Amino acid sequence: MEFSNQLKMALASQSVAVDREPVNPLSRDRESRIEELKRWSGSENSGVAISYFFRQYALFVSAQFHLLTYQNGYFECAGEDLTFNRIHNYGFNLLETHVPSAHFKNVETNERFSAFHYILHEQTAKLIDEFRSHVKISPLILWDNVLGSVIWFYANLEQRDPRRAAADLEWLMDAANWSPMRKSHLARLLGDASLGQAVSRPLRKTCCLYKELPQFDTCTFCPQPN
């Protein structure tokens with residue numbers, strides 16, 4: 001697929017850069033990357049730095065669900081092959097995900113859920129496992145960081161296309177579809193709350209740890225504000 005400048009700009013607004021070389025990339029070596037994340041985030045704690053990483057990576061995940069909804073495709077690229085660039089934006093040190101357009105894969109309607117599984121497992125779960133092999137941090141924190149962004153996407157989609165949002169959520173809430181994991185992390189996070197409730201009040205039980213970073217304050221959705 002040839003990406004138009006308009007689509008590239010839309011993805012850039014979600015901190016995703018297509019066919020652009022990073023200026024200040026994170027190392028691909030996992031231990032070096034963790035040290036770089038600590039310096040970039042301003043935290044001396046490795047767990048906090050990794051949580052920060054997944055809050056940023058979440059934008060790439062929700063961007064993929066957006067692409068599947070409106071462009072009928074996603075980036076079939078293993079998480080370890082993604083490049084993460086350090087950028088300054090809105091006065092903060094942030095991250096941007098860089099990916100070649102060659103990885104974009106068009107899918108038919110009946111392949112959409114297979115793409116969901118790839119994003120959750122080949123990209124997200126494997127990235128979480130790789131980081132956790134070096135640093136002790138609850139996977140629930142990292143999954144909540146990622147899925148919070150996905151919930152915001154579907155809360156907006158529900159206003160435009162409630163049938164599509166309902167069908168996707170039905171798949172995402174079914175634990176069987178998360179195999180080989182034993183549960184749906186979205187079902188655990190969302191529980192019985194509606195999408196509207198999920199984005200209008202504190203939902204998660206875990207803290208994303210942003211409040212531990214010098215550049216960020218406690219967010220209004222924090223379950224542990226003190």
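The values are calculated or read from the model by the stated rules, or taken from the named source; none is laboratory data. From a predicted model like this one, the values you see are computed outputs, not experimental measurements. Every residue, glycine as well, gets a Cβ built from its backbone with ideal geometry; the counts of neighbours run over all protein chains shown. Note: accessible area is taken over every heavy atom of the protein model, side chains too, but ligands, DNA and RNA are not part of it. Shrake-Rupley method; radii C 1.70, N 1.55, O 1.52, S 1.80 Å.
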Pairs over 30 Å Cα to Cα, from K8/K183; K105/K126; K105/K211; K183/K211, come to K8/K183; K105/K211
Label selected from (i) 32; (ii) 15; (iii) 21, the criterion being percent of Cα pairs over 32 Å apart as computed here: (ii)
Three-way shape call for segment 1-69 based on the alpha-carbon gyration tensor, with the a/c threshold at 1.5: prolate
Rounded to the nearest 10 Å², what accessible area does T220 have for a 1.4 Å probe in the complete protein model? 120 Å²
Longest the chain segment clear of GluC sites (Glu not before Pro) sitting in DSSP loops (not H, G, I, E or B) with at most 10 other Cβ atoms within 10 Å runs 109-226
The simple spin-label model distance between K183 and A167, using points 7 Å out along Cα→Cβ, in nm, is 2.9 nm
Summing -39500 (n - 2.57) over the DSSP H runs of n ≥ 4 in the chain and dividing by its residue number, what mean residue ellipticity at 222 nm do you reach, to the nearest 500 deg cm²/dmol? -14000 deg cm²/dmol
Please compute the modelled spin-label separation between A175 and E2, points set 7 Å along Cα→Cβ, answer in nm with one decimal. 4.9 nm
log10 I(q)/I(0) for segment 141-210, Debye formula on C-alpha points only (no solvent), q = 0.17, 0.22, 0.28 Å⁻¹, two decimals, reads -0.61, -0.99, -1.39
The relative contact order of the chain, taking Cα pairs under 8 Å that sit 6 or more residues apart, comes to a percentage of 22 percent
Inter-probe distance in nm under a simple model that places probes 7 Å from Cα toward Cβ, at S194 and W152: 2.1 nm
Mean-square fluctuation check for the chain, GNM, Cα pairs under 10 Å: which of A166, A17, A125 is largest? A166
Can you give the charge dipole size of segment 48-163 about its Cα centre, rounded to the nearest 20 debye, using +1 on the beta carbon of Lys and Arg and -1 on the beta carbon of Asp and Glu? 280 debye
With θ set to phi - 60°, apply the Karplus curve 6.51 cos²θ - 1.76 cosθ + 1.60 along segment 51-61 and write out the HN-Hα couplings as whole Hz, x wherever there is a Gly or Pro. 4, 4, 4, 6, 5, 6, 4, 3, 5, 5, 5
Measuring from its Cα centre, the chain shows a charge dipole (+1 at each Lys and Arg Cβ, -1 at each Asp and Glu Cβ) which, in debye to the nearest 20, is 560 debye
Hz values of 3J(HN,Hα) by residue in segment 134-141 - Karplus curve (6.51, -1.76, 1.60), Gly and Pro given as x: 10, 9, 7, 7, 5, x, 5, 4
At a 1.4 Å probe radius, carbon and sulfur cover how many percent of the accessible area of the chain? 47 percent
